[in-house]
Amino acid sequence: TAEVHLSGQTRILTVSNQKGGVGKTTTAVNIAASLASVGARVLVIDLDPQGNASTALGVPHSADTPSVYDVLIDDFPLADIIQVSPESPNLLCAPSTIHLAGAEIELVSQVAREHRLKTALEDYLDAVEERLDFVIIDCPPSLGLLTINAFTAADEVMIPIQCEYYALEGLSQLLGSVRMIQKHLNPQLHVSTILLTMYDGRTRLAQQVAEEVRSHFAEQVLHTVIPRSVRVSEAPSFGQTVIAYDGHSAGAVAYREAAVEIIQRGDTNNSEGTP
Ligand code: ADP
Ligand code: MG
């Protein structure tokens with residue numbers, strides 16, 4: 001692994017894309033595990049009621065587990081719900097439970113409904129003994145109040161793009177949402193990182209999608225692409241990230257390279273705003 005120097009700042013990234021099944025959760029957990037494997041201290045916040053990120057990190061999240069739901073709705077401190085992934089002492093997870101599905105509606109009537117995650121995270125980061133290097137938030141596909149809470153709490157948006165037909169569909173809508181959040185809720189928010197996933201270099205289509213995305217977002221697209229790999233898709237059923245499940249597989253190697261790139265580039269602080 002290349003030598004990495006952590007910035008000393010806590011970088012907060014939300015993994016977003018309004019399409020489902022494009023690799024958001026896979027990217028959130030595998031980037032997080034990769035960052036932890038090179039010495040970063042990382043918290044994954046699972047904001048998707050499906051709880052796939054919690055599963056992949058090997059963290060219990062049955063209905064009676066204290067979860068992000070309790071933080072958003074009942075003002076639990078984040079510290080009270082965070083669990084350590086069995087994969088690494090550096091890898092923490094704020095789990096989701098099925099109750100979170102109701103939070104989307106329940107939040108509507110709450111005070112400061114867009115800021116609840118941000119406030120909880122700030123309180124946690126202020127009080128925590130060991131500083132975190134990264135917070136990675138896994139979002140549901142919809143642009144509801146859960147995703148808006150993530151956008152309000154984060155500085156950076158990371159967008160996984162599946163190298164397939166219609167990959168760019170919905171992207172302008174996502175960028176529009178980011179601009180709206182910038183304007184009304186969080187001026188810091190910007191798209192810092194785009195990661196091409198499920199790449200099959202043998203197909204002309206994948207190459208074309210990759211070229212098109214790179215031509216539009218030269219600054220943000222990581223050099224590393226994540227290949228389509230069975231090992232990546234198998235890992236969650238063992239309650240593991242691919243980093244722990246098969247660290248030598250092509251998918252694991254690519255995720256580690258992408259994580260090192262994320263550290264080395266720093267936050268490409270795009271003060272001009274999002275393209
Ligand atoms: P999202 O969170 O955007 O809905 P997921 O991360 O759950 O997407 O991924 C959707 C599906 O694609 C899952 O079954 C996952 O295992 C699979 N997948 C994701 N990335 C890869 C990859 N690089 N190679 C093979 N399968 C992948
Ligand atoms: Mg997901």
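Here residue 166 meets the list (1) more than 19 Å from the chain's Cα centre (by Cα); (2) more than 26 Å from residue 210 (Cα to Cα) almost entirely, failing just condition (2). Listed conditions (1) touching a helix residue (DSSP H, G or I) at 6+ places or on another chain (Cβ under 7 Å); (2) within 16 Å of ligand 1 (Cβ to nearest atom) are all met by residue 4, apart from (2). Contact annotation: residue pairs with Cβ atoms under 6 Å, 6 or more positions apart or on different chains, pairing a residue in the range 36-52 that is in contact (Cβ under 8 Å) with a residue 40 or more places away in the chain and of a type in the set (A, V, I, L, M) with a partner that is in a loop (DSSP other than H, G, I, E, B) and more than 10 Å from ligand 2 (Cβ to nearest atom), are 36/88; 36/90; 38/1; 38/4; 40/6; 40/133; 43/132.
It is to be established whether one or more residues within the range 15-35 are part of a loop (DSSP other than H, G, I, E, B) and more than 15 Å from ligand 1 (Cβ to nearest atom). Within the range 15-35, none of the residues are part of a loop (DSSP other than H, G, I, E, B) and more than 15 Å from ligand 1 (Cβ to nearest atom).
In the range 99-119, the qualifying residues are those that are of a type in the set (D, E, K, R) and either within 21 Å of the chain's Cα centre (by Cα) or in a loop (DSSP other than H, G, I, E, B) (or both), and the one that is modelled with the lowest pLDDT is 104.
Per-residue answers, yes or no, for (1) touching a His at 6+ places or on another chain (Cβ under 8 Å); (2) more than 16 Å from ligand 2 (Cβ to nearest atom); (3) β-branched (Val, Ile, Thr):
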{"position": "26", "(1), (2), (3)": "no, no, yes"}
{"position": "30", "(1), (2), (3)": "no, no, no"}
{"position": "36", "(1), (2), (3)": "no, yes, no"}
{"position": "44", "(1), (2), (3)": "no, no, yes"}
{"position": "51", "(1), (2), (3)": "yes, no, no"}
{"position": "57", "(1), (2), (3)": "no, no, no"}
{"position": "77", "(1), (2), (3)": "no, yes, no"}
{"position": "80", "(1), (2), (3)": "no, yes, no"}
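Residue 196 passes all but one of (1) part of a strand (DSSP E or B); (2) near ligand 1 (Cβ under 9 Å from one of its atoms); which number fails? Evaluating residue 196 over (1) part of a strand (DSSP E or B); (2) near ligand 1 (Cβ under 9 Å from one of its atoms) leaves (2) as the failure. Of all the residues in the range 181-207, those that are on the phi > 0 side of the Ramachandran plot and without any contact (Cβ under 8 Å) to a residue 40 or more places away in the chain number 0.
Determine, yes or no, whether residue 11 is away from ligand 1 (no atom under 16 Å from the Cβ), closer than 30 Å to residue 209 by Cα and in contact (Cβ under 8 Å) with a residue 60 or more places away in the chain. In short, yes.
Scan the range 233-253 for residues that are aliphatic (A, V, I, L, M), more than 15 Å from residue 58 (Cα to Cα) and buried (at least 23 other Cβ atoms within 10 Å of the Cβ) and the total you get is 1.
I need the full set of residues from the range 141-173 which are surrounded by fewer than 18 Cβ atoms within 10 Å (Cβ to Cβ) and hydrophobic (A, V, I, L, M, F, W, C), in order please. Listed by number, the list holds a single entry, 168.
The residues in the range 203-221 that are under 19 Å from residue 22 (Cβ atoms), surrounded by fewer than 19 Cβ atoms within 10 Å (Cβ to Cβ) and within 21 Å of the chain's Cα centre (by Cα) can be counted, and the count is 3.
Residues in the range 55-85 that are closer than 23 Å to residue 131 by Cβ and free of Cβ contacts under 8 Å to residues at least 60 places away in the same chain: 13 in all.
Please report, ordered by residue number, the helices (runs of 4 or more DSSP H) entirely within the range 209-271 with at least 3 residues that are at pLDDT 95 or above, within 14 Å of ligand 1 (Cβ to nearest atom) and under 18 Å from residue 35 (Cα atoms). Walk me through it before giving the result.
Working: elements: 230-234, 242-245, 250-265.
The helices (runs of 4 or more DSSP H) meeting that bar are 242-245, 250-265.
Of all residues in the range 1-21, those being within 13 Å of ligand 2 (Cβ to nearest atom) and surrounded by 22 or more Cβ atoms within 10 Å (Cβ to Cβ) number 4. The residues on offer are 54, 62, 96, 88, and the sole one that is buried (at least 23 other Cβ atoms within 10 Å of the Cβ) and part of a loop (DSSP other than H, G, I, E, B) is 96.
The values are calculated or read from the model by the stated rules, or taken from the named source; none is laboratory data. What you see is a predicted model; the values in this text were computed from it and never measured. Every residue, glycine among them, receives a Cβ derived from its backbone with ideal geometry; neighbour counts consider all protein chains shown.
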